[in-house]
Amino acid sequence: RLRGLGSLGPDEPLLVFRRSRADAGVESRRVTRVLRVSPTPDERTLFRALDGYARRVWRDAPAATAPAARLAMMVLARRAASSAASLARSIERRLGLLDDPEQKRALQLVLPLGDGVVRDDEEPGVELGAPGLPDAAAERQWLQRIHALAGLAMQRESKIAALDRILRRAGEPAIVFTEYRDTLERLGNVLAPRAAAPEMAGDGPACEAFATLHGGLTVAEREHQARRFTHGDAPVLLASDAASEGLNLHRRCRLVINLEVPWTPLRLEQRIGRVDRLGQDRRVHAIGLVGRGTADEAVVAAL
């Protein structure tokens, strides 16, 4: 349709010019793997409870709020795939919005303009506020139980443990992507205090702080964090999708780890493209972490 805007008719089709790496004779040496991580018992209990709640909402949501409530279930599912801490924050926000008499008016203003996509790495907003069950007390009980289970699951998160193992075994610079700022904060609290691998520390003291880049930083702050990584002051860059465009990181790094695989293939390609660029002289490795036996695994299998 876009090509047709400038078309003079079927006899004079527009010329489409595309020069890919293959056209330029540049061989791609990317290796992409999906690492299926077995959830802990507490995480399995959490996922089952969230799935049970979501199924009831899809089945029983009032007609007036059903579309918005189902969208909220998708948001919660994606947050759960990221981290228990991220899910807990969203459950807290959903409980607050359901108790707020003004949330219905705000929801009406937002819904016609939304498409279900969280556009930044911030905590979801009023899309979490649509009632999902006719019985408000029963819905609160569901949410309170899920929140308590998330607190238990946070004590040992399987994906964060797997990420820690990968970083230690790799012993080289890496970029860790996640969709949500809440999860970035969680990763920083768990991983950053740990000493970097000896290969990264050299003769000086071990680096105890990773670089962090997200949408809440100013331009100057983003540049500072990017320099910390590219200049070798930080062994790992923890990033949201605010770092998935416009950064050339291939001189420093060849390893990209996705804590959760995004549901949009283009976003995944943008992330890996930070290091898989012309001028990269080493094999690029991209790893996606997926909870084994979870709903997210089915989505990623299709992706």
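The values are calculated or read from the model by the stated rules, or taken from the named source; none is laboratory data. Remember, it's a predicted structure, so these values are computed and weren't measured experimentally. Cβ placement follows ideal geometry from the backbone for every residue including glycine, while neighbour counts extend to all protein chains displayed. Keep in mind that these areas ignore ligands, DNA and RNA; they rest on the heavy atoms of the full protein, side chains included. Shrake-Rupley method; radii C 1.70, N 1.55, O 1.52, S 1.80 Å.
Quick check: residue separation of Q141 and A209 times 0.36 nm, minus the Cα distance between them. What number comes out in nm? Before the final figure, lay out the partial values.
Numbers: separation 68, 0.36 × 68 = 24.48 nm, distance 3.92 nm.
Once the chain is fully extended between Q141 and A209, it gains 20.6 nm.
On a full-extension model of 0.36 nm per residue, what is the gain between A298 and F17, subtracting their alpha-carbon distance, rounded to one decimal in nm? Present the calculation step by step, with values, prior to reporting the outcome.
Values: separation 281, 0.36 × 281 = 101.16 nm, distance 3.61 nm.
This chain segment gains 97.6 nm when fully extended.
For the stretch 248-292, compute Rg over Rh where Rg is the Cα radius of gyration and Rh is the Kirkwood radius from the inverse mean 1/r over Cα pairs.
Details: Rg = 11.0 Å, Rh = 11.0 Å.
Rounded to two decimals, Rg/Rh equals 1.00.
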Checklist entry - How many nm is it between the label spots at T32 and T218, if each spot is 7 Å from the Cα in line with the beta carbon? => result 3.8 nm
Item to check | Cα gyration tensor category, rounded, prolate or oblate, for the stretch 1-108 with a/c compared to 1.5 | outcome: oblate
Next on the checklist: With just the Cα atoms defining each centre, how far is the stretch 1-68 from the stretch 162-186? Give it in Å.
Outcome noted: 22 Å
Checklist entry - Percent relative contact order of the chain, based on C-alpha pairs within less than 8 angstrom and at least six residues apart? => result 23 percent
Item to check | Exposure ranking of E27, E221 by accessible area [1.4 Å probe, largest first] | outcome: E27, E221
Checklist entry - Ignoring ligands, DNA and RNA, what percent of the accessible area of the stretch 251-303 is carbon or sulfur (1.4 Å)? => result 52 percent
Next on the checklist: Keeping all protein chains in place and using 1.4 angstrom, which order do M74, M154 fall into by accessible surface area, from largest down?
Outcome noted: M74, M154
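Which shape class, rounded, prolate or oblate, goes with the chain when its Cα gyration tensor gives a ≥ b ≥ c as root eigenvalues, a/c under 1.5 marks rounded, and past that a/b bigger than b/c marks prolate? Don't jump to the answer; show the numbers that get you there.
Details: a/c = 2.00, a/b = 1.22, b/c = 1.64.
It is oblate, given that a/c is not under 1.5 and a/b is not larger than b/c.
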Checklist entry - Sorting F177, F47, F210 by accessible area (1.4 Å probe), largest first, what list results? => result F47, F210, F177
Checklist entry - With every protein chain left in place, what is the accessible area per residue of the chain in square angstrom, probe 1.4 Å? => result 54 Å²
Next on the checklist: Run lengths n ≥ 4 of DSSP H only: what is the helix-derived mean residue ellipticity at 222 nm for the chain, with -39500 (n - 2.57) per run over all residues, to the nearest 500?
Outcome noted: -14000 deg cm²/dmol
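For R282 and M74, calculate 0.36 nm times their separation in residues minus their Cα-Cα distance, and state this gained length in nm to one decimal.
Numbers: separation 208, 0.36 × 208 = 74.88 nm, distance 3.77 nm.
That works out to 71.1 nm of additional length.
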